[in-house]
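Q: Got a structure here, written out as structure tokens. Questions coming.
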Amino acid sequence: MQLTEHLATSVENLYSGSPWIDVTFEEHLPRINARQAIQVIKESNCIWQIVNHIIYWHQRVQRYLYNEPPEQDGDLPDFYLPENHGEENWQATLHRLQHSFEQMAATIRKFPEDKLFETVPGTKQVAIYYLQGIAEHDAYHLGQIVLLHKYA
């Protein structure tokens, strides 16, 4: 198995498969409604902000890999919380997250194996740094979401 395939599968598993951490976004997010998604515990970000943060970084890493400007007109800011906290908008955000995971996995699969240890243009890091990092980042925030929902 190629490393890109392994990393893409790891990202997919965090969303809806069988990751080694034994929890997935698909398992936990449907249990959370819009009201719960905006709850803040002490000074934490809310679940909705974390979900948008994940989408933000998927998009940013894809742009790094495609040598595009990481921020573009019309982008939502990092940790974005919309003014409309309705259930329909929350469901739309969850749909965007699913699409984001699909796009991220596809981007990883298409990335040339022979360029994994080359510096990504416009950055100081090699590609594997971002590709492995996105899976670690997603797992970290999945843990936050599970805990925030549990203690909210």
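Q: Restricting attention to the range 103-114, and to residues there that are without any contact (Cβ under 8 Å) to a residue 60 or more places away in the chain and surrounded by 14 or more Cβ atoms within 10 Å (Cβ to Cβ), which single residue is farthest from TYR130 (Cα to Cα)?
A: The extreme case among them is GLN103.
Q: Every residue in the range 34-44 that is touching a helix residue (DSSP H, G or I) at 6+ places or on another chain (Cβ under 8 Å) and either without any contact (Cβ under 8 Å) to a residue 12 or more places away in the chain or closer than 11 Å to ALA152 by Cβ (or both), please.
A: Across the range 34-44, the qualifying residues are GLN36, ALA37, ILE38, GLN39, ILE41, SER44.
Q: What residue, of HIS6, HIS58, is closer than 21 Å to ILE128 by Cβ and surrounded by 20 or more Cβ atoms within 10 Å (Cβ to Cβ)? Quick ask: steps written out before the conclusion?
A: On the way: HIS6 fails: surrounded by 20 or more Cβ atoms within 10 Å (Cβ to Cβ).
Sole residue among the options that is closer than 21 Å to ILE128 by Cβ and surrounded by 20 or more Cβ atoms within 10 Å (Cβ to Cβ): HIS58.
Q: Mind telling me which of the residues VAL61, VAL23 ends up being β-branched (Val, Ile, Thr), assigned to a helix (DSSP H, G or I) and in contact with a helix residue (DSSP H, G or I) (Cβ under 8 Å, 6 or more places away or on another chain)?
A: VAL61
Q: Which condition does ARG63 not pass, out of (1) more than 25 Å from GLU27 (Cα to Cα); (2) touching a residue at least 12 places away in the same chain (Cβ under 8 Å); (3) surrounded by 15 or more Cβ atoms within 10 Å (Cβ to Cβ), if it passes all the others?
A: With respect to (1) more than 25 Å from GLU27 (Cα to Cα); (2) touching a residue at least 12 places away in the same chain (Cβ under 8 Å); (3) surrounded by 15 or more Cβ atoms within 10 Å (Cβ to Cβ), ARG63 is out only on (2).
Q: Spot the failing condition for PRO19; the list is (1) closer than 30 Å to ILE128 by Cβ; (2) surrounded by 15 or more Cβ atoms within 10 Å (Cβ to Cβ); (3) of a type outside the set (A, V, I, L, M, F, W, C); (4) modelled with pLDDT of 95 or more, and only one is missed.
A: So PRO19 meets the others, but not (4).
Q: Could you check how many residues of the range 107-152 are closer than 22 Å to ARG31 by Cα, of a type in the set (Val, Ile, Thr) and not in a helix (DSSP H, G or I)?
A: Residues flagged as closer than 22 Å to ARG31 by Cα, of a type in the set (Val, Ile, Thr) and not in a helix (DSSP H, G or I) within the range 107-152 amount to 0.
Q: On to the next question. Check off (1) out of contact with any strand residue (DSSP E or B) (no Cβ under 8 Å at 6 or more places or on another chain); (2) modelled with pLDDT of 95 or more for GLN125 and give me the number that stays unchecked.
A: Against the list (1) out of contact with any strand residue (DSSP E or B) (no Cβ under 8 Å at 6 or more places or on another chain); (2) modelled with pLDDT of 95 or more, GLN125 comes up short only on (1).
The values are calculated or read from the model by the stated rules, or taken from the named source; none is laboratory data. Note that the structure is a prediction, hence the values are computed from the model and not measured. Here the Cβ is made from the backbone with ideal geometry for all residues, glycine too, and neighbour counts use every protein chain on show.
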